[in-house]
Amino acid sequence: MAELLHNPEKLLKARVELLQTIGKDKQVKESDITRLPFLQAVVKETFRLHPVVPFLIPHRVEEDTDIDGLTVPKNAQVLVNAWAIGRDPNIWENPNSFVPERFLELDMDVKGQNFELIPFGAGRRICPGLPLATRMVHLMLASLIHSCDWKLEDGMTPENMNMEDRFGITLQKAQPLKAIPIRV
Ligand code: HEM
């Protein structure tokens with residue numbers, strides 16, 4: 001929601017997609033999500049810029065492991081910086097910009113097959129809550145956009161919003177978002 005309010009043209013685009021696909025008077029259902037490619041792109045772009053668990057969960061190496069000539073010794077604790085991977089300029093064009101459209105042309109998802117985008121981790125310890133979480137995130141975001149229009153609190157504009165992240169086990173907005181719903 002913060003990125004959408006920071007980029008109102010993307011919010012409008014997501015809203016138009018919802019209105020054209022679902023209509024004004026029906027509620028969004030889980031089964032509608034596959035018909036909402038722009039909404040899916042918005043969620044991927046948000047996971048890229050603001051991964052919920054920025055360093056994943058710490059892993060311990062079971063045996064000396066060679067990666068591209070670098071030896072990671074047995075018992076080392078490994079943190080995977082998903083936040084930095086999501087903003088790596090060698091991978092992403094305009095890495096710090098919120099451009100959901102980039103995913104419309106990319107065959108890439110968040111299920112651990114594309115190491116450029118791993119908000120749920122990958123491999124045998126990938127998040128087991130992924131199917132539930134992705135359904136709920138899409139459904140909640142779609143419902144918020146579809147049922148209301150949104151504005152920022154007084155004095156706040158898209159340009160002067162603070163979009164910095166605060167790091168911990170989970171990522172938070174450095175300055176919490178205050179958004180005001182407008183019934184439509
Ligand atoms: C948007 C929501 C969520 C995100 C982004 C997320 C992300 C993650 C990440 C990054 C990991 C670590 C993976 C790794 O280190 O390779 C993880 C682990 C885990 N997640 Fe989630 N998660 C979410 C929701 C959920 C939900 C809804 C559940 C349960 C219903 C859940 C249960 C777990 C469990 C049990 C683990 C530990 C798995 C293991 O170590 O084998 N997560 N999650």
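Every number here is computed from the coordinates shown, using simple stated rules; none is lab data. Here the structure is a predicted model, which is why all the values come from computation and not from measurement. In this analysis, Cβ positions are derived from the backbone assuming ideal geometry, glycine residues included, and neighbour counts consider all displayed protein chains.
Placing dummy labels 7 Å off each Cα toward the beta-carbon, the span from ILE126 to SER97 is 3.1 nm.
Distance between the 7 Å Cα→Cβ label points at ASN162 and LEU144: 1.9 nm. Within the chain, the longest run free of exposed loop sites, counting chymotrypsin sites (Phe, Trp or Tyr not before Pro) that sit outside DSSP helix and strand states (H, G, I, E, B) and have at most 14 other Cβ atoms within 10 Å, spans 1-114. For the range 4-28, list residues with backbone N below 13 Å from a point placed 7 Å from the Cα of GLN175 toward its Cβ? Zone members listed by number: 6. Counting 0.36 nm for each residue step from GLN113 to ALA76 and taking away their Cα separation leaves a gain of 10.9 nm. Applying a threshold of 26 Å to the alpha-carbon distances of LYS26/LYS151; LYS26/LYS111; LYS10/LYS111; LYS44/LYS151 flags LYS26/LYS111 as lying beyond it. Each residue in ILE33, ILE180 was given a count of other beta-carbon atoms within 10 angstrom of its own, and listing them fewest first yields ILE180, ILE33. Remark on THR65: its backbone amide H falls under 5 Å from those of VAL72, LYS74, a criterion applied only to residues 5 or more positions apart or on other chains, H modelled at 1.01 Å from N. Helix 130-147 and the longest principal axis of the Cα set of the chain meet at an angle near 20°. Once the Cα atoms of helix 37-49 and of the chain are each reduced to a long axis, what angle between those two axes, in degrees from 0 to 90 to the nearest 10, is obtained? Helix 37-49 sits at roughly 50 degrees to that axis.
Here the dipole of the chain is about 740 debye; that uses its Cα centre as origin and unit charges on the Cβ of Lys and Arg (positive) and Asp and Glu (negative).
The phi-based Karplus calculation (6.51 cos²θ - 1.76 cosθ + 1.60; θ = phi - 60°) puts the 3J(HN,Hα) values of the range 74-89 at 3, 6, 5, 8, 10, 10, 9, 8, 5, 4, 6, 4, x, 10, 6, x Hz, whole numbers, x for Gly and Pro.
Sparse packing (at most 10 other Cβ atoms within 10 Å of the Cβ) combined with a DSSP loop state is found for the following GluC sites (Glu not before Pro) in the range 1-94: GLU62, GLU63, GLU93. Using 0.36 nm per residue and subtracting the Cα-Cα separation, the extra length available between ASP88 and VAL137 on full extension is 15.2 nm.
Treating the Cα atoms of the range 48-95 as identical point scatterers in vacuum, please give the log10 of the normalised Debye intensity I(q)/I(0) at q = 0.15, 0.29 Å⁻¹, two decimals. The Debye formula, applied to the Cα set alone, gives -0.52, -0.96.
For the chain, the relative contact order is 27 percent, taking Cα pairs closer than 8 Å that sit 6 or more residues apart in sequence and dividing their mean separation by the residue count. The angle between the Cα long axis of helix 8-22 and the longest principal axis of the Cα atoms of the chain comes to about 70 degrees, rounded to the nearest 10.
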